[in-house]
Amino acid sequence: MHLASPGAAAVGRALRGGSERGSGGAGPRMESSDVGGRLQGPIWHRKHGPEARRGVIVNIIHSVKGYHSKTIRFLNVAFDSSGDSLLAGDHQGNIYVFDLNGNRFKLVQRTLQACTALAFNLHRKTEFLVALADYSVKCFDIETKELVSWMKGHDSSVSSISVHGSGRYAITTSTDTAQLWDLDTFQRKRKLNVRQSVGIQKVFFLPLSNTILSCFKDNSVFAWEFDTLHCKYQLPTPVEGSVLLYKVFAVTRDGRIFVAGGKSNQLHLWCLESKQLIRIIQMPAKVRAVRHLEFLPDNFDGGSSQVLGVLSQDNIMRFINIETCKLLFDIGSHEEGISTATISPNGRYIASVMENGSLNLYSVRDLTQEGDKPPPPMFKVVEDWSKLSSEPKKLTMRVTSGRPEWPGKSNGSKTQTKLLKLQVNTSLENKENELPGGLNKKRLQALLKGFGEYPAKYRMFVWRSLLQLPENHLAFSSLIDKGTHSAFVNIQNEYPIKSRKLLRVLQRTLSALAHWSAIFAETPYIPLLAFPFVKLFQNNQLICFEVVATVIVNFCQHWFEYFPNPPVNILSMMENVLAHHDKELLQHLIKYNVTSQVYAWPLLETLFSEVLTREEWLKVFDNIFSNHPSYFLMLVVAYIKCSRVTLLHCNQTVDFEYFFHHRNNLDINAVIKEAYHLMEATPLDIHPQRMFDDFIPLTKGQYPVFNKYPKFIVDYQTQERERIRQDEIEYLRERQLAHELEAKAQQQRAEDEAWYQKQELLREAEEQRRKLLLEEEEKLVEQRQRLAAVKRELKVKELQFLNASRRRFLKHQQDQRQMELRRLDEEIARKASMREQETAATVQDVELRRMELEAQRQLFEQCLIKDQETVTKAMKEEVDAHRRRVDLEDRLIQRLMEADREEKQKAQIVAEENLAKAEQKLLDVDWQRQALRKLRLEDAAQGEHHKELTRLLQDNRLREAELLEALRDAEEKRWEEVIQKEAQLQEEQKAAAAAGEHRRQFLEDKTSDALEWAAKLRREGSCFERLRDLKAGHTEREAELQMPRSGNICLNDLSASESSSHVSLDRRREALACQERELMAGVRQLRRKLTSQARTRQPPAHVTATAWTPSDGLLCSSAVLSNY
């Protein structure tokens, strides 16, 4: 809200000491910057001041100097998400970035074609989107100046680019289509096509939501769900009779209000929550068409922007309040018209492309301060209400001048004004009211009561004077030099502020407070208390710190006495005041268990910042700083009292909590007035002024010591915080170690998986190679078979050819015998030589056949030998198994006997000892079980039992010696038998070898006889068929001779001898095994007999568990073996 009253002039004169200068003369020239021919440089050369013409910070042009000098027109501008950087593109495709905080510009790209749209609020802060004249969209990086992606798909010029709040998706709109892009992969996700007769006006994302709004040329507006692209709703048709065709659109930051305009001076306001047309705003008659709409953001309005910028056909952009329909200010003129404009997200700057192609940068602060200048003595009405009175509309409101009418205005055209006359005589005022800077507190209070607030232009100066800030630069620097306090290192996690600068100033201010007094590091609501002042004084951190410190020292008195609890004493004082002035409301609050910590403490700890707008909050603190510190508490009570109607209708604790944490429809002027009334009407016994000290400014040079809190609690919490911080550091270290171990484990798993995959690939390759080898072997076998068949065919053909040759030769011999008598001797010699050659070839063939038969015989013998070895191996395994079992039993018996006599006789037979020991153990177990039953009854008979055992032991030893001797004799006899049988086996082997030698000699003789007979037959001229029969007969006889006459399956003498030796050995082993079994059966029978005799002679009850010794066990085993 801006002041526009005659009192503002009076306040201005009071603050300037009456030395205000006139406004005559030429206005100041604005700063101009030419970026032509430069790649980078400063934007302006000197800081603009309040005297800058119509709020223009700088005018930027791009001129080309040369033979034909010209100016390149800027076409589009776009701000980044922070609002501190500006992107601008000109007609030749040059893209510039302007850093407004650092006062630097830089040429980041040359696209060589005009740009039609820009977007600079992507999630990667260094990237931006630009739509070009070739209908494509490109993404560039500012730092590397490289092309990131090139997106194609439009068939006409892209008119707008809308980026999602996350910066990861974008919608590009042209007249015929709208396309949704994924900015992570730069792939098109969806495409919206419409009929050419309808056409698309604009498609864009709603702020802070996942809703897409599409506006078409037929005035239809659809809302789509971003995730599923399902239609959520459609706005209804506008008011009947309306000729407004929507061309331009704007939405508030909270996404609740939607404004549309077109070729008319009317604006339609839609509520997107109720989907209803809530208002029609009628612009002045000079406005015939609206070219652009954009809301002016305000950091204190929670996204519900109230100021709307309207660019009309006359190239002037007017800013109006959509609630009051007041014209606040305008930019541009008929001489310097605006082509397009955009507003920074933080609401500090307005960038406009002018009709002459230049770029103007406006300061919103300077533009709003112009609205606070003293108004002219007469009011001017924009519209002629008498002409429009005949056209009433229910929703229509007309925009008027921002200068409000005063109640003293008469029905005529004249306006009555009333000025507040200031007292000139200052000599009679109290010196206590004198403030720094030549101001007087009484005069300021009088001005404040007359106008309700201080002018925005002088507010900060007034506050600094009222609070009497010392501006201790050295002391503040020492606090800042201590760095960020550990309590506020991660403040961004608890308070995620978009502006990094604002977050940094808040962190430094809170750290300085914590270094000044330890209590502020432990107080959870200190960030809430300090944030409004940080927002106001973010450009001057010293003033910000001292304002917050002054507020804490004076207006937060007695707050920390009950730390860490809320100030119960302060809350009790406010409750007493409320009880005195509105007992019914207090009883209502008590009825629903609503304490002062619910209805008063939220207002105190946030300093009203949650429930008031920026203008209301500034107005409230104008009054707080101008009054006694107790006025702050009265203001809280007044707020509660003015809300009594709403509070009396609340009956749930949640409703009360919501009310005191959100903005409400409350007249702040009434609250301030009620607070003054409470200051005057409250009795002294319950008045907070009785407990509060007067205002005390901060001391100069050094800040005062602040220790009004329970120090032991703060120290304890500080120690706990430090301990927790150390624990967190240790935890982070352990978590980092765990992450490293996990990464190593994953890497190892990946390596193992790769190794297994490699092994699998190797195995598959090996299997494939094996298959290839098998295939090659099969092919080789087939080739060999084919080659053998070819050889056989060639051999047959050769034989046939020889036979034919022989027949022809005989016939020729018979025909030519008479004619060749003279050459008979030569022919006979020739025939003899031919017969010799044929005989040699036949012998070779016979030898080849013999070798083939020999190979077949050897192969058959190998098969038989393998079968014989299999059978022999099975028999050997069976015999070995039997022997192992016998040996195992022998070893068991030997180990049993050896345990009983390990100190007497160490050379006993293993088998007998193990058997006797096993039986003795079984007997001893039975004896022990019986002895345990009768232990207490037969203790007296132990001595006699031991004597009897000693006697039996001696007898057993004698019998064991006899048994061992008998066993040794039997063993010697068996070894003699073994030696004899081995000698017989050797003799048999020699005889078999001699028989084999005889058979081989016989075969050789028969073979030689057959060969001689074949040669003789050939010499006599017999046919080759007889020779083949002879070879076949020779083969059969050879096979018969190789077969043994006894009927065995062996093919040579060696196999026969080995078979006979194996059979004889098996027979001997069977005989020995039979004898061993008979011997063991006798031993078992003898053991049973001895055991029965021992039980009948002496009951085992005399043996006790405590009398068990190795000698007793030996006694039993000896007794068993002595009867063998």
Which of the helices (runs of 4 or more DSSP H) found entirely inside the stretch 567-678 contain at least 3 residues meeting this: more than 19 Å from K449 (Cα to Cα) and open to solvent by 10 Å² or more (accessible area, probe 1.4 Å)? 568-581, 583-591, 596-599, 644-648, 653-659
Would you mind finding the one in K232, K286 that is open to solvent by 50 Å² or more (accessible area, probe 1.4 Å), of a type outside the set (S, T, N, Q), in a loop (DSSP other than H, G, I, E, B) and without any contact (Cβ under 8 Å) to a residue 40 or more places away in the chain? K286
I need every pair where a residue in the stretch 186-203 that is aromatic (F, W, Y) has its Cβ under 7 Å from the Cβ of a residue that is assigned to a loop (DSSP other than H, G, I, E, B) and open to solvent by 100 Å² or more (accessible area, probe 1.4 Å), sequence separation at least 6 or different chains. none
Kindly evaluate K275 against the criterion of being over 45 Å from the mean Cα position of the chain (by Cα) and surrounded by fewer than 21 Cβ atoms within 10 Å (Cβ to Cβ). no
For Q92, all conditions in the list (1) open to solvent by 30 Å² or more (accessible area, probe 1.4 Å); (2) in contact with a His (Cβ under 9 Å, 6 or more places away or on another chain); (3) within 18 Å of V203 (Cβ to Cβ) hold save one; what is the number of the exception? (3)
Output the number of the condition that S477 fails; it satisfies all remaining conditions of (1) on the phi > 0 side of the Ramachandran plot; (2) not in a loop (DSSP other than H, G, I, E, B). (1)
Every residue from the stretch 601-648 that is among the polar types (S, T, N, Q) and in contact (Cβ under 8 Å) with a residue 24 or more places away in the chain: T606, S609, T613, N623, S626, N627, S630
Just checking, does the stretch 819-838 include any residue being polar (S, T, N, Q) and modelled with pLDDT under 90? yes
Consider only pairs whose beta carbons are under 6 Å apart and that are at least six residues apart or on different chains; among these, list those whose first residue lies in the stretch 487-514 and is within 20 Å of F476 (Cβ to Cβ) and whose second residue is open to solvent by less than 70 Å² (accessible area, probe 1.4 Å) and aromatic (F, W, Y). Q507/F488; T509/F545; L510/F488; S511/F488; A512/F545; L513/F520; A514/F520
Do you know which residues across the stretch 929-973 are open to solvent by less than 80 Å² (accessible area, probe 1.4 Å), under 18 Å from Q1093 (Cα atoms) and modelled with pLDDT of 75 or more? E948, L949, T950, L952, L953, D955, N956, E960
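Matching residues to (1) at pLDDT below 85; (2) outside any loop (DSSP other than H, G, I, E, B); (3) farther than 15 Å from I350 by Cα:
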position	(1), (2), (3)
G37	yes, no, yes
G41	no, yes, yes
K47	yes, no, yes
E51	yes, no, yes
R54	yes, yes, no
V58	no, yes, no
Y67	yes, no, yes
N76	no, yes, no
I'd like to check something: does the stretch 138-157 contain any residue that is among the aliphatic types (A, V, I, L, M), crowded, with 17+ Cβ neighbours inside 10 Å and closer than 29 Å to D254 by Cα? no
Quickly run through the stretch 522-534 and pick out the residues that are open to solvent by less than 40 Å² (accessible area, probe 1.4 Å) and modelled with pLDDT of 85 or more. T523, Y525, I526, P527, L529, A530, P532, F533, V534
Considering only the stretch 181-197, how many residues are in a strand (DSSP E or B) and either surrounded by fewer than 21 Cβ atoms within 10 Å (Cβ to Cβ) or in contact with a Pro (Cβ under 6 Å, 6 or more places away or on another chain) (or both)? 8
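The values are calculated or read from the model by the stated rules, or taken from the named source; none is laboratory data. Here the structure is a predicted model, which means the values were calculated and not measured. Every residue, glycine as well, gets a Cβ built from its backbone with ideal geometry; the counts of neighbours run over all protein chains shown. These accessible areas exclude ligands, DNA and RNA; they are computed on the full protein's heavy atoms, side chains included. Shrake-Rupley method; radii C 1.70, N 1.55, O 1.52, S 1.80 Å.
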